[in-house]
Structure formats: C-alpha cells, structure tokens
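The values are calculated or read from the model by the stated rules, or taken from the named source; none is laboratory data. No experiment lies behind these values; they were computed from the predicted model shown. With ideal geometry, Cβ positions are generated from the backbone for all residues, glycine too; neighbour counts draw on all protein chains shown.
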Amino acid sequence: MSTLARELRDERLEKLAGRMKKEVNGFDWHLDLRSGEKEKRMRYLTAFSNFPVGHEKWTFALTAPSTEFVGLIGRLFRKGLLLTAFGFVALVLAALLILDRERRRIRAEDRIHWSEQVLESNRRLQALFDGITDAIGILDKDFRIRMLNRSMGRLFGRDVSDLLDQKWEMSP
C-alpha cells in the first residue's frame with residue numbers, strides 16, 4: 001500500500017498506509033487507486049484490520065467505492081424510515097382501538113347508570129300509585145292497560161299483573 005501511495009503521489013493513501021502499520025484497525029476515504037484515464041474521480045473507502053499470524057503481523061484491507069456505501073446507507077435509511085412509519089401507524093391504530101374500547105365501556109356504564117335510574121323512578125312511581133286509595137288505571141292509545149294500582153286490581157278481583165297488557169274491553 002505504501003508503494004502504491006508513493007507511485008500515485010497520494011498523500012491521503014500514504015497516511016492510510018502509515019496508520020495500517022501503527023493501528024490495529026481503522027478506515028479512511030481516498031481517490032481511485034487504479035491507474036489510467038478516469039472520466040470521473042470516485043472516492044473509495046478502505047477499511048483495514050491487523051491480526052497476528054504466527055510471529056508475523058498481517059493486515060487485511062478491503063476497498064470499495066463510495067457508491068456501494070451510499071447505496072447501502074440509503075437502503076438502510078429507507079428501510080428504517082419505512083419501519084418507523086409502520087411502527088407509528090401501528091401505534092396510532094392501537095391507540096384508536098384503546099380509545100374506542102374505553103368509549104364503549106363508558107357508554108355501557110352510562111346505560112347501566114341510567115337504567116338503574118329509570119328502574120328506581122319506576123319503583124317510586126309504582127309506590128306512589130299503589131298508595132292511592134282510589135282505583136286508578138292508565139291505558140294507551142289502543143286501550144290496552146299499561147298500569148293499574150292495587151285498588152283497581154281489588155275492584156276487578158284479580159291480580160294487577162294478570163290485567164296488564166290486556167284490552168280494556170277484555171277486562172272484567
């Protein structure tokens with residue numbers, strides 16, 4: 001590598017060769033090492049690592065054009081961006097599902113609460129209705145018995161629950 005750097009008069013390559021002798025591993029950017037006319041000066045990356053082989057020190061160096069790394073980094077960035085986008089979409093969908101579930105739970109609790117309120121109101125109304133000593137009945141537009149108090153049931157001589165939902169003409 002040192003010989004090649006001297007022949008090409010490339011200071012950067014010469015520094016890299018010096019680093020290869022001193023350091024265990026590293027990398028550096030430099031221009032094309034091949035001789036001849038070059039239409040386009042391309043940058044190359046040389047990575048190296050020293051390792052012992054018996055009593056000697058060997059250096060393993062690998063050189064590749066910058067386009068390889070730029071393309072690789074670009075692909076990794078796109079994949080990372082794509083994964084991040086998918087992750088974000090999944091997170092938003094999960095949040096929406098959780099919010100929908102919570103909204104349904106709250107709505108069900110509200111229904112239960114209001115159902116209990118309606119039942120309590122109905123019990124109070126029935127207690128008031130049954131407390132009246134006069135015979136009272138409530139009919140709907142089709143003349144079906146919707147509500148009777150106990151006095152009306154005694155007047156008919158039947159249980160109030162037997163008379164509910166019957167037509168007025170059918171009652172005794």
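Being in contact (Cβ under 8 Å) with a residue 24 or more places away in the chain and under 12 Å from Val24 (Cβ atoms) is the filter here; which residues of segment 43-54 pass it? Lay out the reasoning, then the answer.
We begin by selecting, within segment 43-54, every residue in contact (Cβ under 8 Å) with a residue 24 or more places away in the chain; these are 45-46, 48-50.
Of everything in segment 43-54, those that are in contact (Cβ under 8 Å) with a residue 24 or more places away in the chain and under 12 Å from Val24 (Cβ atoms) turn out to be Phe48, Ser49, Asn50.
Answer with yes or no whether Arg158 is part of a helix (DSSP H, G or I) and out of contact with any Asp or Glu (no Cβ under 7 Å at 6 or more places or on another chain).
no
Given the structure, is Gly71 closer than 30 Å to Leu4 by Cβ, assigned to a helix (DSSP H, G or I) and not assigned by TED's automatic domain parsing to the domain that holds Val24?
Values: closer than 30 Å to Leu4 by Cβ: yes; assigned to a helix (DSSP H, G or I): yes; not assigned by TED's automatic domain parsing to the domain that holds Val24: yes.
Yes; evaluated as a whole, the condition is true for this residue.
Restricting the first residue to segment 55-79 and requiring it to be in contact (Cβ under 8 Å) with a residue 40 or more places away in the chain, which pairs with a second residue that is among the β-branched types (Val, Ile, Thr) meet a Cβ separation below 7 Å and a spacing of at least six or different chains?
Pairs that qualify, where the first residue is in contact (Cβ under 8 Å) with a residue 40 or more places away in the chain and the partner is among the β-branched types (Val, Ile, Thr), are Ala61/Thr46.
Show the residue pairs that are 6+ apart or on different chains and have beta-carbon atoms under 9 Å apart, the first residue being within segment 9-26 and among the basic types (Lys, Arg), the second being part of a helix (DSSP H, G or I) and surrounded by 14 or more Cβ atoms within 10 Å (Cβ to Cβ).
Pairs found: Arg12/Ala5; Lys15/Ala5.
Please verify whether Gly87 is modelled with pLDDT under 85, in a helix (DSSP H, G or I) and surrounded by 10 or more Cβ atoms within 10 Å (Cβ to Cβ), treating the condition exactly as stated. Walk me through how you get there before you give the answer.
Numbers: modelled with pLDDT under 85: no; in a helix (DSSP H, G or I): yes; surrounded by 10 or more Cβ atoms within 10 Å (Cβ to Cβ): yes.
In short, no.
Hey, Phe143 hits all of (1) of a type outside the set (S, T, N, Q); (2) within 55 Å of the chain's Cα centre (by Cα); (3) at positive phi but one; which does it fall short on?
Against the list (1) of a type outside the set (S, T, N, Q); (2) within 55 Å of the chain's Cα centre (by Cα); (3) at positive phi, Phe143 comes up short only on (2).
Considering only residues of segment 94-130 that are of a type in the set (D, E, K, R) and within 30 Å of Leu148 (Cα to Cα), which is surrounded by the most Cβ atoms within 10 Å (Cβ to Cβ)? Can you show your working first?
As a first pass, look at segment 94-130 and keep what is of a type in the set (D, E, K, R): 100-105, 107, 109-111, 116, 120, 123-124, 130.
Imposing the further condition that a residue be within 30 Å of Leu148 (Cα to Cα) reduces the set to 111, 116, 120, 123-124, 130.
On the way: Arg111: 10, Glu116: 10, Glu120: 10, Arg123: 10, Arg124: 10, Asp130: 14.
That would be Asp130.
Please tell me if Lys141 is charged (D, E, K, R) and either farther than 30 Å from Trp29 by Cβ or touching a residue at least 12 places away in the same chain (Cβ under 8 Å) (or both).
Numbers: charged (D, E, K, R): yes; either farther than 30 Å from Trp29 by Cβ or touching a residue at least 12 places away in the same chain (Cβ under 8 Å) (or both): yes.
Judged against the criteria, Lys141 is a match.
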